[in-house]
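Chemist: Below you'll find the structure I mean.
The values are calculated or read from the model by the stated rules, or taken from the named source; none is laboratory data. Just so it is clear, the structure is predicted and the values come from calculations on it, not from any experiment. Here the Cβ is made from the backbone with ideal geometry for all residues, glycine too, and neighbour counts use every protein chain on show. Heavy atoms of the whole protein, side chains included, go into the accessibility calculation; ligands, DNA and RNA do not. Shrake-Rupley method; radii C 1.70, N 1.55, O 1.52, S 1.80 Å.
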Amino acid sequence: MPQVCVGPEFSVDPNGRLRLDLCGSPAEQAWPYPCPTSRNPLRVDPSCGLWVPPYPKAGRASASGTTGGALVTVPAGYTEVAQAEIEVENPSDCYAAIVVQWVQVDVDLYLPAGADSRAGFRINGNAVMANENAAPASGTQETGIHWELTQTLVSGTIPAGGSNTFTAPIDVGSGQGGAQYGEIRWQMRVLVLAGL
C-alpha cells in the first residue's frame, strides 16, 4: 500500500481509510439534543468526529365533533356551548414543535320575525359572527340558516417527543327576540412544525 502523508487534521485508520479529525478550538461539544444520537445521519464522536443537527419534521392532524340538534334559546351573554378539542403529537423527538390550528365552526340558527331577533357566536373568545332578522311580524322567519367560519390560532409549543391537547371553546350569545341555535359542527386541523 502506498504511503500517504497527511496533515494533523487527518488520520489514517488501521484499514487505510482517511479520517477527518475535527479537533481544535473551541473544544468538541456534547450532543445538544434530547433525542438519541441514532437520529444523527453521521455520528457523535468526542474524539474529533462530526455531528450534524437532526432533520426537522412536520406533521398534521385533525379532529371533528358535533352537538345535539335540539333547539335552545340563545342567551344574551356569550356562553360556552361546545368545545373543539384535539390531541397532537410532536413528530420530532429532537426539537420542540409549534402548532398552528384552524378551527372551523358551523352553527345552525333560527331567528323569528317581528322581534328584531339576533344571535352570534365566538370561537376561542373571538366574536366572529352576529346575525339579525329585522323582518316585521308579518315577515319571514329565518329557519335553519347556518354560518360556517374558520379561526386560525397559533397555540404554543409541544416539547420534543411529547404531546399536548389543544382546545377552542365555542360560545353563542348576543341573543334577543327568541333567537335559537341548533346543531353545532366543528373541525380542527393542525400543522405541527418541529425544527423549522
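Chemist: Looking at Tyr95, Tyr78 in this structure, which one is of a type in the set (Phe, Trp, Tyr) and open to solvent by less than 60 Å² (accessible area, probe 1.4 Å)?
Modeler: Exactly one of Tyr95, Tyr78 is of a type in the set (Phe, Trp, Tyr) and open to solvent by less than 60 Å² (accessible area, probe 1.4 Å), namely Tyr95.
Chemist: Restrict the check to segment 171-193 and report whether at least one residue is under 19 Å from Asp93 (Cα atoms) and either over 11 Å from the mean Cα position of the chain (by Cα) or surrounded by fewer than 17 Cβ atoms within 10 Å (Cβ to Cβ) (or both).
Modeler: Within segment 171-193, one or more residues are under 19 Å from Asp93 (Cα atoms) and either over 11 Å from the mean Cα position of the chain (by Cα) or surrounded by fewer than 17 Cβ atoms within 10 Å (Cβ to Cβ) (or both).
Chemist: Could you please tell me which pairs satisfy a Cβ distance under 7 Å, a separation of 6+ or placement on different chains, a first residue in segment 79-100 that is in contact (Cβ under 8 Å) with a residue 60 or more places away in the chain and under 30 Å from Gly69 (Cα atoms), and a second residue that is open to solvent by less than 60 Å² (accessible area, probe 1.4 Å) and among the acidic types (Asp, Glu)?
Modeler: Between residues of segment 79-100 that are in contact (Cβ under 8 Å) with a residue 60 or more places away in the chain and under 30 Å from Gly69 (Cα atoms) and residues that are open to solvent by less than 60 Å² (accessible area, probe 1.4 Å) and among the acidic types (Asp, Glu), the close pairs are Thr79/Asp171; Glu80/Asp171; Val81/Asp171.
Chemist: Also, I was wondering about something else. Show me the strands (runs of 3 or more DSSP E) entirely contained within segment 93-196 in which 3 or more residues are under 20 Å from Lys57 (Cα atoms) and in contact with a strand residue (DSSP E or B) (Cβ under 7 Å, 6 or more places away or on another chain). Even if it seems obvious, please write down each step before you answer.
Modeler: Numbers: elements: 97-111, 117-123, 126-133, 142-158, 163-176, 180-194.
Here the list reads 97-111, 142-158, 163-176, 180-194.
Chemist: Among the candidates Ala127, Ala135, Ala168, single out the residue that is among the small types (Gly, Ala, Ser) and open to solvent by less than 10 Å² (accessible area, probe 1.4 Å).
Modeler: Criteria check complete, one pass: Ala168.
Chemist: Of the conditions (1) open to solvent by 40 Å² or more (accessible area, probe 1.4 Å); (2) without any contact (Cβ under 8 Å) to a residue 60 or more places away in the chain; (3) within 26 Å of Cys35 (Cα to Cα), Ser155 satisfies every one except a single condition; which number is it?
Modeler: Just one mismatch for Ser155, condition (1).
Chemist: Just give me the residues in segment 46-63 being in contact with a Pro (Cβ under 9 Å, 6 or more places away or on another chain), open to solvent by 60 Å² or more (accessible area, probe 1.4 Å) and modelled with pLDDT of 90 or more, in sequence order.
Modeler: Lys57, Ala58
Chemist: Moving on. Looking only at segment 142-170, which residues are over 24 Å from Ala127 (Cα atoms) and more than 14 Å from the chain's Cα centre (by Cα)?
Modeler: So in segment 142-170, the residues over 24 Å from Ala127 (Cα atoms) come out as 157-164.
Residues satisfying the conditions are Ala160, Gly161.
Chemist: Next question, about the same structure. Return only the number of the condition from (1) open to solvent by 30 Å² or more (accessible area, probe 1.4 Å); (2) over 30 Å from Asn164 (Cα atoms); (3) modelled with pLDDT under 90 that Pro41 does not satisfy.
Modeler: Pro41 satisfies every listed condition except (2).
Chemist: Quick one: count up the residues across segment 62-89 that are in a strand (DSSP E or B), closer than 19 Å to Gln180 by Cα and of a type in the set (Ser, Thr, Tyr).
Modeler: 3
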